[in-house]
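Reading through the structure tokens given below for one structure.
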Protein chains: 2
Amino acid sequence: MTITEVCNLLRANDNFEILTHASPDGDTLGCGHALCLALQQIGKNARVICESVPEKFAYLKKGIKQQEFIGEYIVSTDIAADSLLGEHGKKYEGKIDLCIDHHKSNSVSAKNKYVDPDSAAACEIIYEVVKGLGAEISTDIANCLYTGTATDTGCFKFSNTTAKTHRIAADLIEAGCDFNGINKAMFDTKTKARMALEHALYDTMEYFSGGKGAVICVSLEMMKKLNITSDDIEGVEAIPRAIEGVEMGITVKEKEGGFCKISVRTNGELDASRFCAEFGGGGHFAAAGCSIDGDCQKVKKTIIKAAEEFI
Amino acid sequence: MTITEVCNLLRANDNFEILTHASPDGDTLGCGHALCLALQQIGKNARVICESVPEKFAYLKKGIKQQEFIGEYIVSTDIAADSLLGEHGKKYEGKIDLCIDHHKSNSVSAKNKYVDPDSAAACEIIYEVVKGLGAEISTDIANCLYTGTATDTGCFKFSNTTAKTHRIAADLIEAGCDFNGINKAMFDTKTKARMALEHALYDTMEYFSGGKGAVICVSLEMMKKLNITSDDIEGVEAIPRAIEGVEMGITVKEKEGGFCKISVRTNGELDASRFCAEFGGGGHFAAAGCSIDGDCQKVKKTIIKAAEEFI
């Protein structure tokens, strides 16, 4: 399918329900709301279906009209597999008319599919669709599209970023998006619980192999005591590897049931996947994981010993 | 002056010495090395004059030929005032032939000046100059220009970022710059000393006014014990304000001589400058500072009390 064909399908239909994936992130919410705004702008009925919009993404709903209609045409955005439809989207399984996504592995059952794995964010595709529909990139649409583009690329830092990503960002800035406010909220704001968690994690940090390795531990006790949510804990695996000189950063997360999940991140030459295979795990060269029985303290000792030998 | 006139001057001269500012950052070093590479590419002699290139910027020197010549034409890049020439550049004071900069306040004494305050980074100007000279944006030049552009905009997060900044970044990515590696080194790497400092700072963190205020303290003892350099401490003022719900973030830095420097950063409605004026200080609406006599503990109490009343 081409963008033109996608736009033709959208023009030919009405009463859209736009699906976003479970545990919604900036990209799926940005896609859903931008497409909804564009469809309403060209005179269609449309609504976004989502699990719940986290408070920090509430601004994406700005400008969307609440319309009364019976859904007729189902579009999924940034959803890679039927299993990611979540509880709220389950009833649409097998009934999706158009799937728009950027995941190479996309396996959604849909009548029509536009999947472009070269897009860093699915919002890049929606940007083309909005333009193809002849809708104006309003400030509200620009805010939605910028949010998805920035969050899926770590604010243009990750290797998935392309020249096209930057050119789209340029257009969105010219359309008046509040990139400074969005970036502040997305990247430069930490909850008090997150701050407390990082503080506690730093207490557990241990270097080994002369500083080439670093490990942090998230204990069950810590999670309960600090009232940590899954949002607060997101991305902590990046902390040990980000330290200068560290080639292997390990995060030990204690789980209910007497075991720990281990995340291994490496820089340079070390194969995280081969290391995790020693414990029956696996993954990619620079990011892999495994599980080990025992409490936090015991597992930390085991993993440090193995990592020292590996390095 | 126009970019064309800048290029004409560069074409008409030879044996360039390109100055960078004291305590060099990514923008001045990116400018200096990119311009040097471009001038050498079009057959000129050129060298970069700088205090010292910090280890993390060593890659910027790649591709530069060491040439023997007597300096004839002096260009300053990203230098806002003669005082910023530093020890290494002092002898060039009053002898600068061409000053290229983006600081509105530029006061450098120079025969010719091209100052564009609308450029987020001085590297944006050098990008135009390199193109104007007819030089190819080689991978090495692209790495230099990307470094300056990314570091001066906080990786496209800060409000100084423009559509043009993104379009230049797009061109630099197409020219093959290693944006992922550069961003990792610039934004996602912390020294072990910095980690230890953040840990110690979290120990000192105190909330007040029901979480609308947060304060951290850098004591002299902490600095000595952890062997903290000025590089390690850079940007810690951003920590308290980055906490969700905090409207006033305060950093107390103990100094030799029995006093503390206070940095105040605010979100929203609070005027940091008016608050600091209470202690004889000043600054901007969202970022201001002052000094208060006393040790860290005493000053922390004083400032919290004043801030509670202010909020």
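Some values worked out for this structure:
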item: Boolean, B:I243 is within 20 Å of B:Y202 (Cβ to Cβ), open to solvent by 20 Å² or more (accessible area, probe 1.4 Å) and touching a helix residue (DSSP H, G or I) at 6+ places or on another chain (Cβ under 7 Å); result: no
item: Options A:T147, A:T153, A:T191: the member that is crowded, with 17+ Cβ neighbours inside 10 Å, closer than 24 Å to A:G26 by Cβ and within 11 Å of chain B (Cβ to nearest Cβ); result: A:T153
item: Pair list, Cβ under 9 Å, 6 or more apart: the stretch B:162-177 residue under 18 Å from B:K62 (Cβ atoms), other residue open to solvent by less than 10 Å² (accessible area, probe 1.4 Å) and outside any helix (DSSP H, G or I); result: B:I173/A:T161
item: Subset of the stretch A:49-85 [in a helix (DSSP H, G or I), free of Cβ contacts under 8 Å to residues at least 24 places away in the same chain and not charged (D, E, K, R)]; result: A:A58, A:S83
item: Unmet criterion (only one of (1) of a type outside the set (K, R); (2) touching a residue at least 40 places away in the same chain (Cβ under 8 Å); (3) facing chain B (nearest Cβ under 9 Å)) for A:C217; result: (3)
item: Residue within the stretch A:95-106 that is within 14 Å of chain B (Cβ to nearest Cβ) and modelled with pLDDT of 95 or more present; result: no
item: In the stretch A:1-24, the residues that are assigned to a loop (DSSP other than H, G, I, E, B) and surrounded by fewer than 18 Cβ atoms within 10 Å (Cβ to Cβ); result: A:M1, A:T2, A:N13, A:D14, A:N15, A:A22, A:S23
item: Qualifying residues in the stretch A:168-186 (those that are facing chain B (nearest Cβ under 8 Å) and surrounded by fewer than 18 Cβ atoms within 10 Å (Cβ to Cβ)) - the one farthest from A:D27 (Cα to Cα); result: A:E174
item: Boolean, A:E198 is open to solvent by less than 40 Å² (accessible area, probe 1.4 Å) and either modelled with pLDDT under 95 or charged (D, E, K, R) (or both); result: yes
item: Residue match in the stretch A:220-234 (condition: of a type outside the set (A, V, I, L, M), more than 10 Å from every other protein chain (Cβ to nearest Cβ) and open to solvent by less than 60 Å² (accessible area, probe 1.4 Å)); result: yes
item: Those helices (runs of 4 or more DSSP H) lying entirely in the stretch A:90-190 with at least 3 residues more than 27 Å from B:T266 (Cβ to Cβ); result: A:122-132, A:139-152, A:163-174
item: Every pair of residues 6+ apart whose Cβ atoms lie under 8 Å, when the first sits in the stretch B:86-104 and is under 12 Å from B:E17 (Cα atoms) while the second is assigned to a helix (DSSP H, G or I) and open to solvent by 20 Å² or more (accessible area, probe 1.4 Å); result: B:D97/B:L9; B:L98/B:L9
item: Yes/no for A:V115 being open to solvent by 40 Å² or more (accessible area, probe 1.4 Å), under 22 Å from the mean Cα position of the chain (by Cα) and within 15 Å of A:I126 (Cβ to Cβ); result: yes
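Here is a yes/no grid of residues against (1) among the acidic types (D, E); (2) in contact (Cβ under 8 Å) with a residue 60 or more places away in the chain; (3) open to solvent by less than 10 Å² (accessible area, probe 1.4 Å); (4) under 26 Å from B:K192 (Cα atoms):
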site: A:T251; (1), (2), (3), (4): no, no, yes, yes
site: A:S263; (1), (2), (3), (4): no, no, no, yes
site: A:A272; (1), (2), (3), (4): no, no, yes, yes
site: A:E278; (1), (2), (3), (4): yes, no, no, no
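The values are calculated or read from the model by the stated rules, or taken from the named source; none is laboratory data. None of the values given here were measured: they were computed from a predicted structure. All Cβ positions, glycine included, derive from the backbone under ideal geometry; neighbour counts span all protein chains shown. We work out accessible area using only protein heavy atoms, side chains counted, and drop any ligands, DNA or RNA first. Shrake-Rupley method; radii C 1.70, N 1.55, O 1.52, S 1.80 Å.
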